[in-house]
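So the structure is just underneath, and the comments pick up after that.
The values are calculated or read from the model by the stated rules, or taken from the named source; none is laboratory data. Model, not experiment: these values are computed from the prediction. Cβ sites come from the backbone with ideal geometry, for glycine too, and all protein chains shown count toward neighbours. Note: areas computed on protein heavy atoms with side chains; ligands, DNA, RNA excluded. Shrake-Rupley method; radii C 1.70, N 1.55, O 1.52, S 1.80 Å.
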Amino acid sequence: MNDILPEQSSAWHYLEEKFLSVVKSYSYAEIRTPVVESTELFNRSIGEVTDIVEKEMYCFEDRNGERIALRPEGTASIVRAGIQHGLLFNQTQRLWYRGPMFRYEKPQKGRYRQFHQIGVETFGMGGADIDAEVILLSANLWRSLGVIEHLTLEINSLGSKEARDSYIEALVVYLSDRESLLDEDSKRRLHTNPLRILDSKEQATQTLLDDAPCLMDYLDDDSKQHFSMLTSILDAANIKYVINPRLVRGLDYYNKTVFEWTTDKLGAQGTVCAGGRYDGMVEQLGGKATPAVGFAMGEERLLLLLETLDALPASVGEHLDVYLSAQDKGLQPQVILVAEQLRAEFPDLKIRTHCAGLKNILNKARQTAAKKIVLIKDVEGVGLTATLWDEQEVSYDLSIEKLIAELSVN
Ligand code: ATP
Ligand code: MG
């Protein structure tokens, strides 16, 4: 779990502000849910035989013996909140969220135990048009961050539950005949979650899958139509994509559309955004059947990508407009008060006061690279006087009123 240090936080703000302005332009509304939920919620929604539930969740009992878990992802909590507050039945919702997620994983570059996701979830819309919208929304974020050239969109359809079940049967028959050739993980999954074998990282298993039955051939008509509508919207919007018939995603709850944005710049942790349709989940968690589609992206991976590509603007959040200090001892309280006065007049300026020793004050102030330096002194018979250094290093003395007038023209 990482600390986010002051020198890093401006990059986080940059990313989140870009995301915020994109979701605003699509009129999505924010939802915030608690960081802990009942463990049962995740078991029921994510699936008992997924990596997350089997080995990655932080679960514990609270003082009352309730089994609770730090959330490993956002979707289940949002569905829970949607049902609980009556946001879903007979309505459409377009929501976004951000926040920390927790998974007990082996930490490495791009994979941490506390990480942050930003994402969207939409409810009440079953057509391929909204699938296209959420994908286009993500593409717009890549554009505004200047990284779209470095990302690949992979899409697939998992079909209906029935179509998937009959595909899984065929897959199990094919792989059972060749079980001895499978890697250990896949052998286990053959009996627990056979679909996940498709995204095995083992080369031998992938080779074995070359001749396996293909999920696309088992799709029901409705899912086929849905998928072709999606690809035709993406084509018309000029979004490039790759159809990856082995893209199945790690969570149980998806149906029809699934997609990932991947990059080759981050090594093994190349997926920066992943999502899809999950029409069965609301009902599974006790609500009325409600279609849903969404995605989540990993902020750490996105920031790594921005860094790798040198796509972070150099001066995010760094400049200082005014540095204000006392020139002589005893005037520090006045400095605080003058600064308050300036902030009230100029709410957009970034003003910092000097609250430490005054030795070499001018040098210390210059090190901050502030556009203007103001030193306050008390001149006998005149009262509080400001000495102002402008960017040309020229200094002159002014009353506080004149200082305000001077700052308002510059
Ligand atoms: P992976 O295959 O890399 O484990 P996942 O399928 O478990 O990913 P999702 O649950 O789909 O990931 O989460 C969506 C996104 O959140 C991922 O694409 C990734 O960008 C990010 N993410 C997931 N787990 C982590 C983690 N432990 N640390 C940092 N980012 C993560
Ligand atoms: Mg994972």
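Some observations on this one:
- The Asp211 and Gln108 beta-carbon pair, evaluated with R₀ = 45 Å, returns a calculated FRET efficiency of approximately 0.85.
- With the gyration tensor restricted to C-alpha atoms of the chain, the semi-axes of the equivalent ellipsoid amount to 55, 22, 21 Å, longest first.
- Selection from Gln327, Val35, Ser395, by position along the positive dipole direction of the chain (Cβ): Gln327
- The range 20-66: chymotrypsin sites (Phe, Trp or Tyr not before Pro) falling in loop per DSSP and having at most 10 other Cβ within 10 Å: none
- Its Cα centre serving as origin, the chain has a Cβ charge dipole (Lys and Arg +1, Asp and Glu -1) of approximately 720 debye.
- For the residues Met281, Met125, a 1.4 Å probe over the protein chains yields an accessible-area ranking, largest first, of Met125, Met281.
- Selected from Leu198, Val374, Ile351, residue furthest toward positive end of dipole (the chain; charges at beta carbon): Val374
- What the range 163-218 shows is 53 Å² of accessible area per residue, with the surface traced by a 1.4 Å probe over protein heavy atoms.
- Note on Glu56 and Ala289: the model spin-label points, each 7 Å out from Cα along the C-beta direction, lie 3.0 nm apart.
- Pairs of Cα atoms nearer than 8 Å and 6+ residues apart set the relative contact order; for the range 273-344 it is 19 percent.
- 3J(HN,Hα) along the range 21-30: 6, 5, 5, 4, 5, 9, 6, 8, 10, 7 Hz, from the Karplus curve 6.51 cos²θ - 1.76 cosθ + 1.60 with θ = phi - 60°, whole Hz, x for Gly and Pro.
- The portion of the accessible surface of the chain made up by carbon and sulfur, rounded to a whole percent, is 49 (1.4 Å probe; DNA, RNA and ligands excluded).
- Spin-label model distance (nm) - Leu312 vs Ala236, 7 Å beyond Cα toward Cβ: 4.0 nm
- A Cβ-based charge dipole, computed about the Cα centre of the range 68-117 with Lys and Arg at +1 and Asp and Glu at -1, lands at about 260 debye.
- Degrees between helix 161-176 axis and first principal axis of the chain (Cα, 0 to 90, nearest 10): 70 degrees
- FRET efficiency, 1/(1 + (r/R0)^6) with R0 35 Å, evaluated for Glu16 and Glu149 via beta carbons: 0.95
- ³J(HN,Hα) computed for each position of the range 364-373 - Karplus, 6.51 cos²θ - 1.76 cosθ + 1.60, integer Hz, glycine/proline x: 4, 5, 5, 4, 7, 6, 5, 5, 10, 10
- Using alpha-carbon coordinates, inclination of helix 400-409 to the longest axis of the chain, degrees: 50 degrees
- Expected 222 nm ellipticity per residue - DSSP helices of 4 or more, -39500 (n - 2.57), all of the chain, to 500: -11000 deg cm²/dmol
- Accessible surface for the range 232-289, divided over its residues, is 41 Å² per residue with a 1.4 Å probe.
- Where the range 322-409 is the region considered: accessible area per residue in Å², 1.4 Å probe: 58 Å²
- A simple rule links phi to the HN-Hα coupling: the Karplus curve 6.51 cos²θ - 1.76 cosθ + 1.60 with θ = phi - 60°, which for the range 255-272 gives 9, 6, 4, 10, 8, 9, 9, 10, 9, 9, 8, 10, x, 5, 8, x, 8, 9 Hz, with x for Gly and Pro.
- Local net charge near Asp217, Cβ-Cβ under 14 Å (Lys/Arg +1, Asp/Glu -1): -1
- Cα pair distances of the range 268-331 binned at 10 Å [whole percent]: 15, 22, 18, 17, 15, 8, 6, 0
- FRET efficiency for Ser180 and Gln392, using Cβ-Cβ distance with R0 set to 51 Å, rounded to 0.05: 0.05
- In degrees, nearest ten, helix 299-308 long axis to first principal axis of the chain (Cα): 70 degrees
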